[in-house]
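Data first, discussion second: the structure below is written as structure tokens.
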Amino acid sequence: MIEIISFAIICVVSWLGVGLFLRWSRNRQLLDIPNERSSHVTPTPRGGGLVIVIVSLASYLIYSLANGQRLMWGYLAGAVLVALISWLDDVYSISFVWRFLVHSLAAAFVLYDAGAWQSIYLPVLDTKIELSYLGAVISFGWIVWLTNAYNFMDGIDGISGVQAVTAGIGWLLIGYLVGFSNVYFYGGVLAFSSLGFLLHNWSPAKIFLGDVGSAFLGFSFAAMPFIAGSEHSGKAAPLPVFAVLLVWFFVFDTLLTFFSRLLKRRKVWEPHREHLYQKLIISGLSHQTVSLIYGALSIVIVLALLTARALRGNFEIVLLGIVIFETAALTIYTFSRKVLT
């Protein structure tokens, strides 16, 4: 009961905090000015994700200290670094090289504190792959990639907030089911602090996350399996799969777009409008519709993942089938729509 009350308070505090930040950012003219790659048409305050950062990290710190839980300093320090460089980028525009270096340092903090993935459990095959030294490379790449991928996907009203709510609830339920108390609570914190923000960000958005919010959420969801693994190392093998599936469509969309641009010999680091969600907007769908599509697909995977975790056996094959079917359906639907001119 105390956790439910805490989540409600966190949601309200986030909602109120974003409202105050909205007024402050308007007075300071901290606005996202539309350009040819934008999906919005009017100057809109950005950086509201700073409230999510403050509420989330304060809640994590208080909960860990008050309950005698292990405080993962590597995550805490890394999250502060990611939020700081991203906030500076929102205000002054920082070179990608500097942002990448800071993201890399933040990832190194997490891995130094919690250790890299040593093995990965493959559900359908019911086998565990030992990673050895390759685990450090995969772990590092995962954290840095998702930190940036979440930022790439934050291009329309509501999509990042919806993903944060579904992924956060997913970690909350997994933490409860498996017995990861830190992950149970912090998944709820990320979900409900993001929900408070989403009430301001739903289309037509009054305020945007900014890099400070999107990079922080990406980093946090990338770090969740390491937070869980540091709490119960004996239950760590399935965590990489959990982590990927809970943000699957953000991972898939960014990877598909990355390799597509790579094959076309385009500069993959340059801004563009080639993500699946951007193509859907260009084809004429509204921000609300596209965000709801991604959210609904994500909810189905969360429910399937939880069911597979509880029942095991043949339902793991059903989980794989659901992921493949939804991914194919989204891709085919996107490319079948005509682009409006």
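Some notes on this structure:
- Here the Kirkwood formula, the inverse mean of 1/r across different C-alpha pairs, assigns the range 186-237 a hydrodynamic radius of 12.5 Å.
- L134-T289 FRET efficiency (beta carbon distance; Förster radius 41 Å; 0.05 resolution): 0.50
- Listed peptides 92-98, 140-146 by packing density, highest first (mean Cβ within 10 Å): 140-146, 92-98
- FRET efficiency, 1/(1 + (r/R0)^6) with R0 22 Å, evaluated for L125 and R265 via beta carbons: 0.05
- The range 258-283 and the range 116-195: distance between their alpha carbon centers, rounded to Å: 24
- Ordering of 208-216, 259-267, 50-58 by burial proxy (mean other Cβ atoms within 10 Å per residue, highest first): 208-216, 50-58, 259-267
- Here the translational diffusion coefficient of the range 104-232 follows from Stokes-Einstein with Rh set to the Kirkwood radius across Cα pairs; for 20 °C and 1.002 mPa s it amounts to 138 µm²/s.
- Nonlocal Lys pairs with alpha-carbon distance under 19 Å, the chain (8 or more apart, or different chains): 4
- Global form of the range 37-112, assessed from the alpha-carbon gyration tensor, a/c cut-off 1.5: oblate
- For the chain, built as a Gaussian network whose Cα springs stay under 10 Å, the top-fluctuating residue of V251, V137, V82: V137
- Derived scalar couplings ³J(HN,Hα) [the range 144-154; Karplus, 6.51 cos²θ - 1.76 cosθ + 1.60; whole Hz; x for Gly, Pro]: 5, 5, 5, 4, 7, 4, 4, 5, 4, 7, 8
- q = 0.11 Å⁻¹, the chain: log10 I(q)/I(0) [Debye, one scatterer per Cα]: -0.69
- Ordering M72, M224 from the fewest to the most neighbouring beta carbons within 10 Å gives M72, M224.
- For the pair W98 and I33 in one chain, pulling the backbone fully straight at 0.36 nm per residue adds 21.1 nm over the alpha carbon distance.
- Placed amide H near D32: partners under 5 Å, 5+ positions off or other chain: T44, R46
We did not get these values from a lab; they are worked out from the coordinates using the rules stated. All values derive from a computational prediction rather than experimental measurement. Neighbour counts are summed over all protein chains in view; Cβ atoms, including those assigned to glycine, are modelled from backbone coordinates with ideal geometry.
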